[in-house]
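The values are calculated or read from the model by the stated rules, or taken from the named source; none is laboratory data. The structure displayed is predicted, hence computed values, not measured ones. Cβ coordinates were reconstructed from backbone atoms using ideal geometry, including for glycine residues, and neighbour counts include every protein chain displayed.
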Amino acid sequence: MSFFSRSPWILHYDGSSCNGCDIEVLACLTPLYDVERFGVLNTGNPKHADILLVTGSVNERNIEIVENLYRQMPDPKVVVAVGACACSGGIFARAYNIQGGIDKVIPVDVYVPGCAARPESIIDGVVQGIAALEAKRKKTA
Amino acid sequence: MTPAVYGVLFVFLAPVFGGLLAGVDRRVSARMQGRIGPPLLQPFYDLGKLLQKQARQVNPVVEPLLLGHVFFMAVSGVLLLSGTDLIFIAFVFALAALFLVLAAGSVNSPYSFAGAERELVVLLASEPFFILMMAAICKVTGASTYAGVLASPQLVAVQLPGVLLAFLLVATIKLRKSPFDISTSHHPHQELVSGLTTDMSGRMLAYVELAHWYESALLCAFMVLLFNWSVPLGLLAFAIAYALEVLVDNSTSRAKWQLVLRSTWAATLVFSGGNVLALFLLSR
Ligand code: SF4
């Protein structure tokens, strides 16, 4: 039996977002949405995390950080890109320092659209991330 | 049943007890925050997941040290229930905690290292109390083993109310509850990243959790020592104390280590020391 679907721990990283998506991510932890019901924890430590939730795009300065966080996460791990910025660069795509979506740097498993992404769709993205996590575990096990 | 059987039972039942306690804790905490909270068995799911996840070996000594941590936590319980001298238990208990400090201190992460240093501070804060508590219990009951204390006609909590009070304070440290959880950073607090456990992944973290479950069970056993006239009463007292701890955990912010050290030493000295001194003077 696999326990990944019952205990997905999340690391939330804010790239160059406008903070709109971050507020929605945090809203998922509040009493209204309460993702802890599904065993989701917001860990803040890449070494404990199963799902990397990235909001905002990558720029010249944070490429290294995103890569580093991803590398520090033990397998199996998945990446969920939250919001238009994380998916493609969003409204900042043409800015001089922006590289584009998160998939320019690390492999992304789930794309959550929206500007800002709504908590419902973020939770949905996490649920799809869990499925991807299960698939990866089966492959490595 | 012979005491040795109780010891063996502890090895298998204490994790179940500790895990369920953690599950209840998370649910009650969630309710206090207006949330529904995770399923009761969530800590077991988490443990299962951690065991299935890849464990990054930061260096070759972390795993043996953490295994030592779990082992000595379990051994303290086994020795306690199978009739070893109570004061000796206090030392084995400290030794178990020391293994965790060594494991966390052996890695390069500054967060882990800071966590290890703080764990040493809380060890320094709590250890004198446990030794004094055990000595006081032995003195009052005239027995030096678990079964002996339970069989004693003396009512420990009545004779040692100060020790009971200080125990509640020190238990906050051992149960890793705010405001005294300075060395780890249990979710949802994220000070120091994850403190002691920052560099531990997969089964390494599972060992730490497991050891903590043993530790909770051990504290419950200590509570029964204090309420030695009936085991159910001791369990009830532990349940009430734990509910208080959860309330305090949810309504306070973390203290600085200086405050932790000062307040626990003051409680040990004033409440426990005063209690023992008063008994001594009265009995003369
Ligand atoms: S997608 Fe929209 S709300 Fe989210 S970070 Fe980008 S600009 Fe802000």
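When residues in the stretch B:17-36 are screened for being in a helix (DSSP H, G or I) and without any contact (Cβ under 8 Å) to a residue 12 or more places away in the chain, 2 of them pass.
For A:Val66, the criteria (1) within 11 Å of another protein chain (Cβ to nearest Cβ); (2) surrounded by 17 or more Cβ atoms within 10 Å (Cβ to Cβ) hold in every case but one, which is (1). Scanning the stretch A:23-49 for residues that are of a type in the set (A, V, I, L, M) and either away from the ligand (no atom under 16 Å from the Cβ) or free of Cβ contacts under 8 Å to residues at least 40 places away in the same chain (or both) gives A:Leu26, A:Leu29, A:Leu32, A:Val35, A:Val40, A:Leu41, A:Ala49. Selection within the stretch B:28-43: residues that are surrounded by fewer than 20 Cβ atoms within 10 Å (Cβ to Cβ) and more than 8 Å from every other protein chain (Cβ to nearest Cβ). The member of this set that is nearest to A:Thr43 (Cα to Cα) is B:Ser29.
Among the listed residues A:Ser88, A:Ser16, A:Ser2, identify the single one that is touching a helix residue (DSSP H, G or I) at 6+ places or on another chain (Cβ under 7 Å), within 16 Å of the ligand (Cβ to nearest atom) and either under 22 Å from B:Val193 (Cα atoms) or not basic (Lys, Arg) (or both).
On inspection, the qualifying residue turns out to be A:Ser16.
Entry remark, the stretch B:134-155: residues being among the β-branched types (Val, Ile, Thr) and farther than 17 Å from B:Ala278 by Cα number 2 in total.
The residue that is farthest from B:Lys49 (Cα to Cα), among those in the stretch A:36-52 that are more than 7 Å from chain B (Cβ to nearest Cβ) and in a helix (DSSP H, G or I), is A:Pro46. At least 2 residues being of a type in the set (Lys, Arg) and on the phi < 0 side of the Ramachandran plot is the threshold, and among the helices (runs of 4 or more DSSP H) wholly inside the stretch A:53-141 those reaching it are A:119-140. Within the stretch A:4-22, residues that are modelled with pLDDT of 85 or more reach partners that are within 7 Å of the ligand (Cβ to nearest atom) and part of a strand (DSSP E or B) with beta carbons closer than 7 Å, at six or more positions or on different chains, in the pairs A:Asp14/A:Thr55; A:Gly15/A:Thr55; A:Ser17/A:Thr55; A:Cys21/A:Thr55; A:Asp22/A:Thr55.
Looking across the stretch A:69-92 at every residue that is within 14 Å of chain B (Cβ to nearest Cβ) and touching a residue at least 40 places away in the same chain (Cβ under 8 Å), the one that is surrounded by the fewest Cβ atoms within 10 Å (Cβ to Cβ) is identified as A:Asp75.
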